[in-house]
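All remarks here apply to the structure that follows.
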Amino acid sequence: MTSVKFADNRDAASPAALLLFVGDGGQLSAGAQALETAGSGQLGRAMKAANFTGKKGKLLELLAPAGSQASRVLLAGLGDAAKADARTFEDLGGEAAARLQTLEAELVADFTGIGDLGVGADVAAAHFAHGAELRSWRLDTYRTRLKEEQKPKLKTITLVGAPKSTAAIADRLQKVAEGVAFAKELITEPGNVIYPQSFVDRVKAKVEPLGIQVTVLDEKDLAKLGAGSMLGVGQGSVKPPRLLAMEWNGTGNPEATPLALVGKGVTFDTGGISIKPAAGMEDMKWDMGGAGAVAGTMVALAGRKAKARVVGICGLVENMPDGNAQRPGDIVTSMSGQTVEVLNTDAEGRLVLNDCLTWTQRTYKPKVIVDFATLTGAIIISLAHYYAGVFSNSDALWGKLDAAGKKVNDLVWRQPLSEPGGHYDQLIDSTIADMKNLGTREGGSITAAQFLQRYIDEGVEWAHIDIAGAVWRPKGAPLHDKGATGFGVRLIDQLVSDNFEG
Ligand code: BES
Ligand code: MN
Ligand code: ZN
């Protein structure tokens, strides 16, 4: 974690890297202009030589002009400064951190006289630091031979000339970043380290000190509850399943109706007896990404003491082939009493989520449920890695998710869903049981969602978010390196902030 510091003025003797903002057409901010004057026009000459015109999101790295002690200068393009928003600054913070991570201990960003922006200077500065913080996350636990020049060094982001009100905004964002980092950590850890019980242990250690109440159901509890669907998925593994429930209540009212978050936590998905091909199977360590997003969101909400009651439920199972594993064609009885013909043991996520959804509704009586799951490869075919797919029985809930996603750039795109009995729903009717866990190859993400919908009680607003693509990305972006994105944490934090507090 980086730390954020504040200063009224730039320390001319500081050897830290210095970042200055430039608007369209090479318009220097006041802080940049001061250096330009002191350095007799060297910034302007360098910008011209590099064809740098202050376009939004662009960075130009320079040797510091004569007279400055800075180790280097980064010019950061705002584009049309009057339109620069939180996202603009977040992305610049992220890009700057990525560039300096192994080079510099401190980055000083100068907001002096930044002028009129599309947001307040406090929001701009806080989000700049937030972007840097988010982008700085990495997992080095297993790299025992890092060379000095490969080690991360960036520790401090100093915001110069930012309004006093920046600190409170930055503090809150810091809590959210902690949630994102925790999700990325859980998702990036390999399957031999994170399995159902170790997921529980790591999450407990993290969330209990934040005031979150934790309940854990083991395989015996689940058997008593009749969770035959979830237990069927886990029966081929030597690592027994767990249901982890976290509760944060910042309302002061123990009876407040909670928002429920439910996450698919398949800690490793081999496919089971319907085994997956070897190539790329290592990616299935991410198959607990839904549970990771839920745990990370709880950390963010409790960390910033959100004034809402939110419960987070993770269905934790390892899907393995084994002499005791479930077979294609097996019929299981879910906690709801509905029976499922398991035609493909690799369509296991829905078999975990259905029992978790039933338990969540019985235990907490929520009016709104959002589930996160790396449920289908088909959603990656539809949306690639940019958007997550949303399936919802509620136009209102969809609208809220869409709006929240746009604010924090955790983007969602709505997908179709039939009413119960409608054409997509019929595709999962079974000839021998209440339903089968497999639809057609076509529309594979939709039939998965239809399956889940059969477990949602009348009157409950529900959205299923298929994050198979969004949970990890093969390429880096301003706020994350290639790999885990932490998708969902900022989305739900924003959703809660906009709709479930106060
Ligand atoms: N965990 C996978 C989905 C997945 C695939 C996530 C690729 C991330 C990347 C899920 O359990 C699965 O195997 N789904 C099958 C369903 C099929 C058998 C109906 C799929 O998508 O192929
Ligand atoms: Mn699978
Ligand atoms: Zn899976």
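The values are calculated or read from the model by the stated rules, or taken from the named source; none is laboratory data. All of these numbers come straight from a predicted model, not from anything done at the bench. Every residue, glycine among them, receives a Cβ derived from its backbone with ideal geometry; neighbour counts consider all protein chains shown. The protein model used for the area step is the full one, side chains on, heavy atoms only, and it has no ligands, DNA or RNA in it. Shrake-Rupley method; radii C 1.70, N 1.55, O 1.52, S 1.80 Å.
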Exercise for review: Could you give the size of the charge dipole of the stretch 218-292 about its Cα centre, using +1 on the Cβ of each K and R and -1 on the Cβ of each D and E, expressed in debye and rounded to the nearest 20?
Suggested key: 180 debye
**Study point:** Gained length - K367 relative to A13, 0.36 nm times residue gap less alpha-carbon distance
**Key:** 121.7 nm
Check your understanding: Pairing the Cα long axis of helix 444-453 with the longest principal axis of the chain, what angle in degrees results, from 0 to 90 and rounded to the nearest 10?
Key -> 70 degrees
Revision key, fill the gap. The stretch 3-163 accessible area per residue, 1.4 Å probe, protein heavy atoms, integer Å², reads 46 Å²
Point to revise | Point-to-point label distance, A168-F6, nm (Cα→Cβ direction, 7 Å offset) | key: 1.1 nm
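When Rg is the radius of gyration of the Cα atoms in the chain and Rh is its Kirkwood radius, what does Rg/Rh come to?
Numbers: Rg = 24.4 Å, Rh = 23.8 Å.
Looking at the chain, the ratio lands at 1.03.
Only Cα pairs under 8 Å and at least 6 apart count here; give the relative contact order of the stretch 3-163 as a rounded whole percent. Present the calculation step by step, with values, prior to reporting the outcome.
Working: 348 pairs, mean separation 50.9, N = 161.
About 32 percent, as a whole number.
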Review point. Helix 166-188 versus the longest principal axis of the chain: what is the Cα-based angle in degrees, 0 to 90, to the nearest 10?
Key: 50 degrees
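The stretch 299-350: which trypsin sites (Lys or Arg not before Pro) are DSSP loop and have at most 14 other beta-carbon atoms within 10 angstrom? Write out the running numbers ahead of the final one.
Details: sites: R304, K305, K307, R309, R350; in loops: R304, K305, K307.
Those that pass, being in a loop and sparsely packed, are K305.
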Exercise for review: Show which lysines lie in cross-link reach of K155 when reach means a straight Cα distance below 16 angstrom and same-chain residues fewer than eight apart are skipped.
Suggested key: K5
Check your understanding: Could you name the lysines in cross-link range of K55, using Cα to Cα under 25 Å and dropping any fewer than eight places away on the same chain?
Key -> K83, K406, K407, K475, K482
Check your understanding: Expressed as a rounded percentage, what relative contact order does the chain have, with Cα pairs under 8 Å and six or more residues apart?
Key -> 14 percent
Exercise for review: Could you tell me what fraction of 2.2 N^0.38 Å the Cα radius of gyration of the stretch 3-163 comes to, as a two-decimal ratio?
Suggested key: 1.00
Point to revise | Per residue solvent-accessible surface (Å²) - the stretch 175-499, probe of 1.4 Å | key: 36 Å²
**Study point:** Spacing of the two label points (7 Å from each Cα toward its C-beta) at D283 and S40, in nm
**Key:** 5.7 nm
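Using only helices, what value at 222 nm comes out for the chain when you add -39,500 (n - 2.57) per DSSP H run of length 4 or more and divide by the total residues, to the nearest 500 deg cm²/dmol?
Numbers: 15 runs with 172 residues, N = 502.
Value at 222 nm, helices only, nearest 500: -10500 deg cm²/dmol.
Could you check what % of the DSSP bridge pairs in the stretch 3-163 are antiparallel, to the nearest 5?
The antiparallel fraction comes to roughly 25 percent.
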Study note, to complete from the structure: Expected vector for the stretch 485-502, Karplus 3J(HN,Hα) from phi with 6.51, -1.76, 1.60 and θ = phi - 60°, integer Hz, x for Gly and Pro, equals 9, x, 3, x, 5, 5, 4, 6, 4, 5, 4, 5, 4, 7, 10, 10, 10, x
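Taking the Cβ-Cβ separation of K305 and A66 as r and a Förster radius of 35 Å, what is the calculated FRET efficiency to the nearest 0.05?
Values: r = 49 Å, r/R0 = 1.39.
Taking R0 as 35 Å, the efficiency between K305 and A66 is 0.10.
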Study note, to complete from the structure: Going through K164/K400; K175/K365; K58/K285; K224/K264 one by one, the pairs whose alpha carbons sit over 25 Å apart turn out to be K164/K400; K175/K365; K58/K285
Check your understanding: If you place +1 on the Cβ of every Lys and Arg and -1 on the Cβ of every Asp and Glu, how big does the dipole about the Cα centre of the stretch 3-163 come out, in debye to the nearest 20?
Key -> 620 debye
Check your understanding: Name the residues of the stretch 105-121 whose amide N is less than 16 Å from a point 7 angstrom out from the Cα of K153 along the C-beta direction?
Key -> 105-108
**Study point:** Those trypsin sites (Lys or Arg not before Pro) in the stretch 398-502 that DSSP places in a loop and that have at most 14 other beta carbons within 10 Å
**Key:** R441, K475, K482
Check your understanding: Going by average Cβ neighbours within 10 Å, how do the peptides 198-209, 366-377, 252-263 rank, with the highest at the top?
Key -> 366-377, 252-263, 198-209
Check your understanding: Label T440 and K407 with points 7 Å out from Cα along Cα→Cβ: what is the distance between them in nm?
Key -> 4.0 nm
Check your understanding: What's the carbon and sulfur percent of the stretch 3-163's accessible surface, probe 1.4 angstrom, rounded to a whole number?
Key -> 50 percent
Review point. Which FRET efficiency, nearest 0.05, do I331 and S418 yield, Cβ-Cβ r, R0 30 Å?
Key: 0.80
Check your understanding: Can you give the charge dipole size of the chain about its Cα centre, rounded to the nearest 20 debye, using +1 on the beta carbon of Lys and Arg and -1 on the beta carbon of Asp and Glu?
Key -> 1120 debye
**Study point:** Options S14, G486, A347, ranked by Cα towards positive dipole end of the chain, top entry (Cβ charges)
**Key:** S14
Review point. The stretch 436-502: which GluC sites (Glu not before Pro) are DSSP loop and have at most 15 other beta-carbon atoms within 10 angstrom?
Key: E442, E458, E501
Revision key, fill the gap. Taking R0 as 22 Å and r as the Cβ-Cβ distance between E255 and Q338, the FRET efficiency 1/(1 + (r/R0)^6), rounded to the nearest 0.05, comes to 0.15
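Could you work out the relative contact order of the stretch 212-257, using alpha carbon pairs under 8 angstrom and six or more residues apart, expressed as a whole percent?
Numbers: 36 pairs, mean separation 24.8, N = 46.
Computed value for the stretch 212-257: 54 percent relative contact order.
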